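All remarks here apply to the structure that follows.
Just so you know, all these numbers are worked out from the coordinates, no wet-lab data involved. Fair warning: this is a prediction, and the values are worked out from it, not measured in the lab. Every residue, glycine among them, receives a Cβ derived from its backbone with ideal geometry; neighbour counts consider all protein chains shown.
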Amino acid sequence: MTDSHPLARYMVPECPYYRPAGNEVEVFRAAHAERIPMMLKGPTGCGKTRFIEHMAHVLGAPLITVACHEDMTAADLVGRYLLDETGTVWQDGPLTLAVRHGAILYLDEVVEARQDTTVVIHPLTDDRRILPLEKRNEIIKAHPDFHLVVSYNPGYQSAVKDLKESTKQRFVALDFDYPAAAIESEIIAHEAGLDPAIAGTITEIGHRSRNLRGHGLDEGASTRMLIQAGRLVARGIPLREACQLALVVPVTDDRDMRQALTRAIDACIA
């Protein structure tokens, strides 16, 4: 792909580290080969985004990522008319760019977007594979390389923030979770450049914090947070202090919960 290609800047030039926990790589390859819309479900910080970045590099596919939010409109996805020095011009949004030229489009935390926004993807998730642009009176047939992937955290879903059943049924889904202890320790050691024994201690702390889910914490420490603690340690911050900074202070202001998390840290470091 030349530098002038519309998708050149969306290539993933270096392979992001990803440690498979199951057969998710093989499943994604199969879904991508058939261009089956894919849904990644799992808690925050468990590796969903890293996985899709890794797969985009492995497959040599451009990756366009959209961080969904409640103020996002359909125009933010498909595009809009703008004014420049020549007059009114149409600018493709990320969805249209991916559909027109052939990229993986990744809608991160898709349930954060309004339901009247996400319905624009429906014609792209069945045999039609088309994107109607009503403002341009145009229908775009999806490029053969276009592939739609979405993700969300089921732990945060509610009656207000959830995908319509008519949307869910258009996808195949992969369940993600925090890795088993041995794998998570390996990930932390690699990403933070830590001694495996220290990475193992941080992993144990993370697992203890997750036992507090539903007892004052919505979620325990994510793999991402454990890696951040490890990076602080690698930079010379004492382990106990690094865990306080990365795993306790950011997640709660409740004094009792902070004390419970601190006890979990002390039990692992004693």
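When the Cα positions of V89, A103, P144 are compared along the charge dipole of the range 70-166, P144 comes out farthest toward the positive end, with charges on each C-beta of Lys, Arg, Asp and Glu. For the chain, the share of DSSP beta bridges that are antiparallel, to the nearest 5, is 35%.
What length, rounded to one decimal in nm, is gained on full extension from E85 through to I183, with 0.36 nm per residue of separation minus their alpha-carbon distance?
Working: separation 98, 0.36 × 98 = 35.28 nm, distance 5.49 nm.
Extra length from E85 to I183 when fully extended: 29.8 nm.
In this model, which of K48/K135; K41/K164; K41/K141 are farther than 25 Å apart at the alpha-carbon?
Details: K48/K135 34 Å; K41/K164 15 Å; K41/K141 28 Å.
Flagged as over cut-off: K48/K135; K41/K141.
As a proxy for reagent exposure, T252, T86 were ordered by neighbouring Cβ count within 10 angstrom, fewest first; the result is T86, T252.
Could you estimate the translational diffusion coefficient of the range 1-74 from the Stokes-Einstein equation, with Rh from the Kirkwood formula over C-alpha pairs, at 4 °C and 1.567 mPa s, in whole µm²/s?
On the way: Rh = 14.0 Å.
Calculated translational D: 93 µm²/s.
Distant-in-sequence amide contacts of H147, defined by a placed amide H-H separation under 5 Å and a gap of 5 or more residues or a different chain, comprise A103, I104, L105.
Among residues other than W90 whose Cβ falls under 15 Å from its Cβ, what is the net charge (Lys/Arg +1, Asp/Glu -1)? Don't skip to the answer; put the middle values down first.
Details: positive: R80, R100, K135, R136; negative: D76, D84, D92, E134, E138.
Every neighbour counted, the sum reads -1.
Please say if the range 181-269 is rounded, prolate or oblate, where rounded means a/c under 1.5 for a ≥ b ≥ c the square roots of the C-alpha gyration tensor eigenvalues, and otherwise the choice is prolate for a/b larger than b/c and oblate otherwise?
Working: a/c = 1.96, a/b = 1.55, b/c = 1.26.
Taking the square roots of the gyration eigenvalues as a ≥ b ≥ c, the range 181-269 is prolate.
Backbone amide hydrogens, once placed in the peptide plane, bring A173 within less than 5 Å of M39, excluding anything fewer than 5 places away on its chain.
A simple spin-label model places pseudo-atoms 7 Å from Cα toward Cβ; at T252 and T44 they are separated by 1.5 nm.
Just to confirm my numbers, what's the Cα centroid distance between the range 46-96 and the range 4-26 in Å? Centre-to-centre (Cα) distance: 16 Å.
Straightening the chain between E14 and A197 buys 63.0 nm, computed as 0.36 nm per residue apart minus the Cα-Cα spacing.
How high is the relative contact order of the chain, in percent, counting Cα pairs under 8 Å that sit 6 or more residues apart? Present the calculation step by step, with values, prior to reporting the outcome.
Working: 422 pairs, mean separation 51.8, N = 270.
Reported as a whole number, the value is 19 percent.
Exposure proxy ranking for F146, F176, based on other Cβ atoms within 10 angstrom of each Cβ and starting from the fewest, stands as F176, F146.
Using 0.36 nm times the number of residues separating I130 and S4, minus their current alpha carbon distance, what extension gain do you get? Each step should come with its number before you reach the end.
Details: separation 126, 0.36 × 126 = 45.36 nm, distance 2.54 nm.
Net length gain for the segment: 42.8 nm.
Here the 3J(HN,Hα) profile of the range 66-72, calculated from phi with Karplus coefficients 6.51, -1.76 and 1.60 at θ = phi - 60°, is 10, 7, 6, 8, 5, 8, 6 Hz, Gly and Pro shown as x.
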